[in-house]
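Nothing in this text is a laboratory measurement; each read-out follows from the coordinates by a stated rule. Note that this is a predicted model, so its numbers are computed, not measured. For neighbour counting, all protein chains shown are included, and Cβ atoms are generated from backbone atoms with ideal geometry for every residue, glycine included.
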Amino acid sequence: MIFVFHGEGQPALRENFLRFKQRYASTSFWEGEVEELAHRLSSLSLFEKQDQRQLVAWEDPPLKELAKPRLAEWGKGEQDLALIFPHRLSAGDLERFSDAKIFSFVPQIPKDVFPLLDALVSRNRKAALLHVHRLLGEGKDLDFILKMIVWQLRALVRVKSGAVRGINPYVVKKLQKYAGAWDLEKLRRALSAVLEEDLRRKQGKKRPLDLLINRIIR
């Protein structure tokens, strides 16, 4: 059986995939050649039991390699296959997976978060600080705010790079207005700053979120 995980809601996708793979005795991630995958799915390793299905997961597989005949062959294997995409697949892309189980994940972003995200990508420090304090004052979870900032910055990276497949056209159009204010190095530093802050907080090293906003917009 083939399972397809896709969508812009990557945090929810990852959480659901972690729960999904718990159904299996073991999970392995495929990094080999596409031509060798059929053999992997049709056989068991020395450490796998004959009476238990295993899961093979493939991160961001190239769609051009996923022709229907090949997918049909994989679907008949002794092991199940999970194809995990970091973006939303179009209706045309999904047609080839007619015999697979599809899991779609749409980002759940409350409307009151958008003013902060817009202020960040427009590099408006004053507005960003105002909105982040508003959200915290309204009781928004800090981890959620950080995830949304990462989501917005990664979307901007994709727009800057032209890799917009799977992103809502409205989001693409809006981010294109701000793309000129960023280069890829600034985006890399901004994402690193958010991920560093997330790690610090998980280690119990809290500090004002203003410092992070200032690092992102400088």
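General remarks:
- Computed [θ] at 222 nm, deg cm²/dmol, the chain (DSSP H ≥ 4; -39,500 (n - 2.57); rounded to nearest 500): -14500 deg cm²/dmol
- Tilt relative to the chain, helix 125-137 - C-alpha long axis, 0 to 90 degrees, to 10: 70 degrees
- Proxy reagent accessibility, fewest Cβ within 10 Å first, across Ser28, Ser43: Ser43, Ser28
- When only the Cβ of Lys, Arg, Asp and Glu is charged (+1, +1, -1, -1), the dipole of segment 2-104 relative to its Cα centre reaches about 360 debye.
- Here each label is just a point 7 Å from Cα along the line to Cβ, and for Arg96 and Arg125 those points are 4.7 nm apart.
- Unsatisfied cross-links (Cα-Cα over 18 Å) in the set Lys111/Lys140; Lys140/Lys206; Lys126/Lys202: Lys126/Lys202
- Ordering His133, His39 by the number of other Cβ atoms within 10 Å of each residue's own Cβ, fewest first, gives His39, His133.
- In a simple Cβ point-charge model (Lys, Arg +1; Asp, Glu -1; nothing else charged), segment 134-218 has a dipole of about 140 debye relative to its Cα centre.
- Proximal aspartates and glutamates to Lys101, defined as alpha-carbon separation beneath 20 angstrom and excluding residues fewer than eight positions away on the same chain: Glu8, Glu15, Glu59, Asp60, Glu65, Glu73, Glu78, Asp80, Asp93
- For segment 2-104, the fraction of alpha-carbon pairs in successive 5 Å shells from zero, as %: 2, 12, 25, 25, 20, 12, 3, 1
- Rounded to the nearest 20 debye, dipole of the chain from Cβ charges on Lys, Arg, Asp, Glu: 1280 debye
- Among Leu81, Leu120, Leu63, the residue with the largest mean-square fluctuation in a Gaussian network model of the chain, with springs joining Cα atoms closer than 10 Å, is Leu63.
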